[in-house]
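Presented below is the structure to which this report refers.
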Amino acid sequence: MINYIWFSFIFIGFVASFLTGDIQKVTDASLLYANSAVELAIGLVGTISLWCGLMKIAEEAGLVKKLGDFLKPVMIRLFPDVPPDHPAMGSMVANIAANVFGLGNAATPLGLRAMKDLQTLSDDKKTATNAMVMFLAINTSSVTLIPSSVLALRVAASSSNPTEIIAPTILVTTISTLVAIAAAKLFQNMKMFNK
């Protein structure tokens, strides 16, 4: 579906530029921004490699597991419908721990596995459970301590102080996560959203 949307944007842009006589501007802009995209991507490789390497070291050193152990009591309270020893709890803890450390590539498959594990607890396979909604809300709130992708973009853009966003990121992720949890709990208690 998204491919059709992007194709539509590009097609409409070309048709509009042709009808207005600005086809040369579209061609020039396409070439200019294609070069900029390549330069930006190459500039990001080093920084992303550094952060991914540091995060992999943290994972291998057991920091992600320690964070998971720290999160487990909180997770048991947030997800009372999920038994503490169920595989879904382990998948959710691993996903959130990976997100906190900026391991987005590792977090995605863990999140998908957590949703599949959560679905095993439901009789109705076509309806999201309260635990699934809460887990999705927490993931959507972007739980992170080290925003490695944003840091990489700031370094590639020659920012004078690329790390100045770490404190605001921690503040914002805390607020967004608390709001997501509160909203999920609020909607769970409303009759029209509960079957």
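For the reader, a short list of remarks on this structure follows.
- Between helix 87-100 and the chain: long-axis angle, C-alpha atoms, 0 to 90°, nearest 10: 40 degrees
- Computed lengthening from residue 14 to residue 2, 0.36 nm per intervening residue step minus Cα-Cα distance: 2.5 nm
- Estimated Rh, the stretch 128-173: Kirkwood, alpha-carbon pairs, angstrom: 12.1 Å
- The stretch 44-193 - Rg over Rh from alpha carbon coordinates, Kirkwood radius: 1.01
- Förster-model FRET efficiency, 30 Å R0, residue 24 and residue 159, C-beta, rounded to 0.05: 0.30
- Helix-only [θ]222 nm of the chain, DSSP H runs n ≥ 4, -39500 (n - 2.57) each, per residue, nearest 500: -25500 deg cm²/dmol
- Per-peptide average of other Cβ atoms within 10 Å, ordering 75-83, 165-173, 33-41 highest first: 75-83, 165-173, 33-41
- The order of 159, 176, going from fewest to most other C-beta atoms within 10 Å of their C-beta, is 159, 176.
- When the Cα positions of 62, 133, 172 are compared along the charge dipole of the stretch 44-193, 133 comes out farthest toward the positive end, with charges on each C-beta of Lys, Arg, Asp and Glu.
- Cα-based helix-to-principal-axis angle, 23-60 vs the chain, degrees rounded to 10: 30 degrees
- A Cβ-based charge dipole, computed about the Cα centre of the chain with Lys and Arg at +1 and Asp and Glu at -1, lands at about 520 debye.
- Nearest-0.05 FRET efficiency for residue 120 and residue 192, computed from C-beta distance (R0 25 Å): 0.40
Read the figures in this text as sums done on the coordinates, not as results from a lab. Bear in mind that the values here come from a model prediction, so they are computed numbers and not experimental data. Please note: Cβ atoms are built from the backbone with ideal geometry, for glycine as well, and neighbour counts cover all protein chains shown.
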